[in-house]
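These notes concern the structure reproduced below.
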Amino acid sequence: MKKHTGMKKAGIAAMGMLVGAAALLAGCGSEKSPAAGSAGTSSNPESKEPLKLSVMTLMYAEPPKADSDVQKKIEEYTNTKLDISWVPNSSYKEKVNVTIASGELPKALLVQNNKDSNILSAVRAGVFWEVGPYLKDYPNLSKMNKSVFDNIKVDGKIYGLYRARDLSTYGIIFRSDWLKNVGLSEPKTIDELYNVLKAFTLNDPDKNGKADTVGLTEEKTMDGFGVVASIMGAPNSWEVKDGKLSPDFLAPEYFEAMKFYKKLYDEKLIKQDFPVLNNQQKKDDINQGKAGAVISNMIDGAGYQASLAKTFPGAEVDVVSRLKGPKGERLPGGVGYNSVFMFPKSSVKTEAELKKILDFYDKLSDQKMLDLLGWGVEGKHYKVEDGKPVFIDQKLQDTEVGSSYLQLQIAKYTAKTTGKETPLMEKYGKMIKDNEAIAVNNPTNPLVSETQTTKGSELKPIIDDARTKFILGKLDEAGWKQAIEQWRKAGGDKVIQEFTEQYAKSGQ
């Protein structure tokens, strides 16, 4: 999902500094790797003095201590002294702005969207190092997906290292014990999903004799909507239609998905206050036994299972992703990455220092570090059973490693050594790989629209707000069409034109 921040020309210099707000993701590791892995060798000889590396990055729990076992292991393995600024995800954008204004930029910045107007302006003003020419010299960096690098390019050049992600991880996580209680089977179509959500709401799925459950929980960003829209045949953000780029919300299938969500809302099968809920509140609905299903990254399924089992003995979680729609099985495909590490020249003053920083990231992709970041410390976060690692306490690992240090990693989460997995983990792991075949691409991923970068933050809410109001019954179809016209006149038509021109030039 792309977020865009508008910027006036007068503020380009200051906003360019904003780039400095982002961060290195920090990893966690163990004295013994869960499995033997080959240690990579970078092109740059390791200096005797540790590299002093300042980083600003996201965190999703409490900030870890700088003397934690995990950080010590990272620093020892990479010969680095880390200075990490941990910023809560909820306030990250605001902190980025403050950091930019201060002019005090870390050496490694995590940029959530490198196509934001302020980042583009900074890149074009020469704020960041171009790293493309150096990648071939590093054993791990040189193996990163070239197509994904194409997606992060600005004016044909690479200005950072992307955090790799699987193309299609989303699905429907649901209470399978509730499904058994209401006498239904795993849904295979949108209509069957509706029936499940209705039963989860009305048929006392938890068997407590109270009408205190709801079928689906959602949050204000409506991440699940894009999945439902794709299943129903809508484009993934944009599509090529008659030689022109066209946004998803112009497609009739998108409107059908809106009507589906409205039906869920009208019949109270979805949390009625979802427009004001955040991601944690959405998770709480599942973990507290209030909701029976959520459309989310399927990897979250293991966490839900672990939490529910402690509170509700006998609770079971399952996942499904391939629902058949009018155009067959479809899911929205991602860009292959989530955020980009960028390196400002004001902080990284020499090519030699840049190479050392790239060496740090290259070493973080060695198997020993991947296992440290993915599993944590042996004896504390995981143990070995039957020759395979298994979490001792996954919640503890997530709190001390996954919600903080894992954010340093540029490889996929799944790059860690395969552990002793539950049937649920094996199931969604296979589904994530198999779903790449049905992932619908967004043709604008490698393209840049100047109007989108400068006015995107003004344009997006026009559609998002109108969609929410339609679902809540505060806007009819005529009002929806008026919102689309408002989007067009506010710069949307220009975005369509620029994307179309870029697409034609790209020869896709």
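The values are calculated or read from the model by the stated rules, or taken from the named source; none is laboratory data. What you are looking at is a predicted structure, and each value in this text was computed from that prediction instead of being measured. As a convention, Cβ positions derive from the backbone with ideal geometry for all residues, glycine included, and neighbour counts pool all protein chains shown. Ligands, DNA and RNA are excluded from the accessible area calculation, which covers all protein heavy atoms including side chains. Shrake-Rupley method; radii C 1.70, N 1.55, O 1.52, S 1.80 Å.
Quick notes on this one:
- Length-normalised contact order for the chain - Cα pairs under 8 Å, 6+ apart - percent: 26 percent
- Kirkwood-based shape ratio for the stretch 279-372, expressed as Rg/Rh from alpha carbons: 1.16
- Gyration tensor (alpha-carbon) shape descriptor, the stretch 321-406, a/c threshold 1.5: oblate
- Antiparallel content of DSSP bridges confined to the chain, in %, to 5: 60 percent
- In this simple spin-label approximation, residue 497 and residue 102 carry label points 7 Å from Cα along the Cα→Cβ vector, and these lie 4.2 nm apart.
- Residue among 497, 468, 442 farthest towards the positive dipole end of the stretch 417-508, charges placed on Cβ: 468
- Difference of contour (0.36 nm per residue) and Cα-Cα distance, residue 311 to residue 79: 79.2 nm
- Paramagnetic label zone (point 7 Å from Cα along Cα-to-C-beta, residue 210; backbone N under 16 Å) in the stretch 282-305: 285-292
- Value of relative contact order over the stretch 331-443, rounded to a whole percent, pairs C-alpha under 8 Å and six or more apart: 36 percent
- Extension gain, residue 66 to residue 472, is 141.5 nm, computed as 0.36 nm per intervening residue step minus the present C-alpha separation.
- The stretch 207-320: C-alpha gyration tensor shape, a/c 1.5 cut-off, then a/b vs b/c: prolate
- Remark: the stretch 75-223 carries 43 Å² of accessible area per residue (probe radius 1.4 Å; ligands, DNA and RNA excluded).
- Computed Kirkwood radius, in angstrom, where 1/r is averaged over Cα pairs of the chain: 24.0 Å
- Estimated FRET transfer efficiency (residue 143, residue 434; beta-carbon r; R0 22 Å; 0.05): 0.45
- Label-to-label distance, nm, for residues given as residue 272 and residue 136 (7 Å Cα→Cβ offset): 6.4 nm
- Inter-label distance, residue 91 to residue 421: 3.8 nm, where each label sits 7 Å from its Cα along the C-beta direction.
- Computed over the Cα atoms of the stretch 172-248, the ratio of the radius of gyration to the Kirkwood radius (Rg/Rh) comes to 1.14.
- Remark: the stretch 34-186 is approximated by an ellipsoid whose semi-axes, taken from the C-alpha gyration tensor as √(5λ), come to 32, 23, 21 Å, largest first.
- Per-pair calculated FRET efficiency, R0 = 60 Å: residue 393 and residue 505 via Cβ, rounded to 0.05: 0.70
- Nonpolar atom fraction for the stretch 370-495, defined as the carbon and sulfur part of the 1.4 Å probe accessible area, stands at 50 percent.
- Cα principal axis extents for the stretch 398-464, largest first, Å: 49, 33, 23
- Pairs from 244/324; 241/505; 283/324 whose Cα-Cα separation, in the structure shown, is over 19 Å: 244/324; 283/324
- Mean residue ellipticity, 222 nm, helices only, the chain: the sum of -39500 (n - 2.57) across DSSP H runs of n ≥ 4, divided by residue count and rounded to 500, is -11500 deg cm²/dmol.
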